[in-house]
Amino acid sequence: MPRRDLTALADDPAFRDARSGLVALDPDLVIRAVNHTLLQATFKAVDEVLGRHVFDAYPGNPDDPNGNPEGVFGRSFEKVLSTARTNHLVVRRYDVLDSREPGGFAERHWVPVHEPIHGDRGIAGVLCRVDEVAPPSGRALAVVDRCRAALDGAPDHVALVGLAAAVVEGLRSLGELEREAEQLREALTSRATIDQAKGILMSRESIDAEKAFARLVSLSNESNVRLADIARALVYQVTRGA
């Protein structure tokens, strides 16, 4: 953004109406423009943040078990100002003061991207772009941590190699999750089919659910065919003849 007057960003539709939360900081990290998305997500009014240092307007939660994020964000802002290059923070927790609970904080996790704002005489400030996300957990958290380790404080070529490895790990985890989801869908479908088959036997032979299931198990053992396939065949036979 080749702008020198950062306050003018507030009137730019691309800034004002962005779905991401946006805040423009001058080189002293004073907020000069902020969009509606960020204000809404952080329970703030525009006059509460404009003209204030970013960490005064948005203080860190002292009770955050992961540590105060101000240092992490501050180093990122300074890196952008000194290198004129975009800095990614992957996923970071940064709680916000909750206006619904005076003095309390609401837990928030973001994907922050900090970009240089270019002016006529060099860097005019930093554009902070954030998107709120659900807290990562399990394998997703492991991938996030690996991406973060790759990007934090490493030379660019090392960071790219580490990030590539983290992406590969993420894709592998996604594939595993998709396979697990497919197995779960199959299991649920099989269970429903078995229940249908049990109902058919209970109706046909006037037996209870336990005996109907035992009959299906016996047929499966005798024919060496999976229980779910026995049930599926019985349901198909009945529905075809209906």
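Largest to smallest in accessible area, the residues F213, F43 fall in the order F213, F43 (1.4 Å probe, all protein chains included).
Spatially, the range 188-242 and the range 117-136 are offset by 61 Å when compared through their Cα centroids. Were the residues from D47 through T83 laid out at 0.36 nm apart, the gain over their Cα-Cα distance would be 9.9 nm.
Ligands, DNA and RNA left out, the accessible area of the range 1-54 computed with a 1.4 Å probe is 50% carbon and sulfur.
The values are calculated or read from the model by the stated rules, or taken from the named source; none is laboratory data. Quantities reported herein were computed from a predicted structural model and do not represent experimental measurements. We work out accessible area using only protein heavy atoms, side chains counted, and drop any ligands, DNA or RNA first. Shrake-Rupley method; radii C 1.70, N 1.55, O 1.52, S 1.80 Å.
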